[in-house]
1. Restricting the first residue to region 123-148 and requiring it to be in contact (Cβ under 8 Å) with a residue 60 or more places away in the chain, which pairs with a second residue that is among the charged types (D, E, K, R) and part of a strand (DSSP E or B) meet a Cβ separation below 8 Å and a spacing of at least six or different chains?
2. Of the numbered conditions (1) at pLDDT 95 or above; (2) closer than 28 Å to ILE171 by Cβ, MET72 satisfies every one except a single condition; which is it?
3. Can you name every residue in region 40-67 that is assigned to a helix (DSSP H, G or I) and either in contact with a strand residue (DSSP E or B) (Cβ under 6 Å, 6 or more places away or on another chain) or not small (Gly, Ala, Ser) (or both)?
4. Only one residue in LEU87, LEU92 is closer than 16 Å to GLY21 by Cα and surrounded by 14 or more Cβ atoms within 10 Å (Cβ to Cβ), so which one is that?
5. Is it the case, given these coordinates, that LEU46 is in contact with a Pro (Cβ under 9 Å, 6 or more places away or on another chain), surrounded by 13 or more Cβ atoms within 10 Å (Cβ to Cβ) and either without any contact (Cβ under 8 Å) to a residue 24 or more places away in the chain or aliphatic (A, V, I, L, M) (or both)?
6. Looking only at region 101-119, count how many residues are surrounded by fewer than 18 Cβ atoms within 10 Å (Cβ to Cβ) and touching a residue at least 60 places away in the same chain (Cβ under 8 Å).
7. I'd like to check something: does region 111-130 contain any residue that is hydrophobic (A, V, I, L, M, F, W, C) and in contact with an Asp or Glu (Cβ under 6 Å, 6 or more places away or on another chain)?
8. If you take the residues in region 211-248 that are outside any loop (DSSP other than H, G, I, E, B) and out of contact with any helix residue (DSSP H, G or I) (no Cβ under 9 Å at 6 or more places or on another chain), which one is farthest from THR144 (Cα to Cα)?
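The values are calculated or read from the model by the stated rules, or taken from the named source; none is laboratory data. Just so it is clear, the structure is predicted and the values come from calculations on it, not from any experiment. All Cβ positions, glycine included, derive from the backbone under ideal geometry; neighbour counts span all protein chains shown.
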Amino acid sequence: MSSVHIVDEVPELDELSGAGGPVLLHALDGFLDAGNAGALAVAHLLDGDAGRVVASFDVDSFYDYRARRPPMTFVEDHYQDYAAPRLVVRVLRDSLGTPYLLLHGPEPDTRWEGFASAVRDVVEHFGVRLTVGLGSVPMAVPHTRPVMLTNHGTSPELLVQENVWAGNIRIPSSAQALLELRLGEWGHPAMGFVAHIPHYVAQLDYPAAAVTMLESVEVVTGLEWDLAALDAAGAERLGEIAAQIADSTEVADVVAGLEQQYDSFHRADSPDASGSTLPLAEERDLPTGEELGAEFERFLAGLDRRDDE
């Protein structure tokens, strides 16, 4: 029995029959969303017009309710409402009126293979020409430099830039990563972008990363969106971070070291004698781990207070 219910007819997609089919974007809440970059991108795409649901996954098959308990409202003496988790595909239109598909909701906790198979059903049912995933991870990068992305895909032809390192690395997997791997094995083009979020703000909203990812999606898909509001939110957040860092010499020193390392990456023209793809920053006298921990706690507490206000 299939774990997804798909609408049989979607007139919005008929106009793409001669263009190779629609694009499917996916960004899931959970592991691969440092700085809430994917969630912010999804919220921006849904703002104003949430489109309509054209595929709905059997969330009970994938969701661990005890690990991520959905919120309920209790009013005096009774339960009034329940925010049930939803994992759905919507049909939306970009600023030019071009239809596309968006898969969003909680990352499955179980049955990843079943989830990938269900998405395959969606891809084949709607004749999706390209699947693009959005994700973000905490990295040792400064907020004062442009957001860096890692791009990946099921074939080299799908990549649009060189990544900042070469070689192999073992990483924790995600449902989105497995989905891309399986789609490639099934002959469906799939790719994605992972934004590098400054590790010291990875628990906070980081709109600048959402903007950079969506701009990259525009390049590879031809879709277009008005990103002005998201861009403004990113600028405001960077201003808040700068104000907090100005009050902490220790954190400012760490950011300066990250800036030096970032700039060294981008100045590198070739591998060095040690075989490294990119040189590291020069060594600096930095605070101890305990000192940094205390400073970052104060730093994040200041930003949290601004969010509450």
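1. GLY135/ASP33; SER136/ASP33
2. With (1) at pLDDT 95 or above; (2) closer than 28 Å to ILE171 by Cβ applied to MET72, the lone miss is (2).
3. LEU40, ALA41, VAL42, HIS44, LEU45, LEU46, VAL59, ASP60, listed by residue number.
4. Values: LEU87 fails: closer than 16 Å to GLY21 by Cα.
Just one listed residue meets the conditions, LEU92.
5. So LEU46 fails the test.
6. 4
7. Looking for residues that are hydrophobic (A, V, I, L, M, F, W, C) and in contact with an Asp or Glu (Cβ under 6 Å, 6 or more places away or on another chain), one finds none in region 111-130, hence no.
8. From region 211-248, those outside any loop (DSSP other than H, G, I, E, B) are 211-221, 228-245; that's our starting set.
In the following step, the residues that additionally are out of contact with any helix residue (DSSP H, G or I) (no Cβ under 9 Å at 6 or more places or on another chain) were identified as 215-216, 218-219, 221, 228, 239, 242.
Details: GLU215: 19, SER216: 20, GLU218: 24, VAL219: 24, THR221: 28, ALA228: 20, GLY239: 10, ALA242: 9 Å.
Looking at the filtered set, the residue picked out is THR221.
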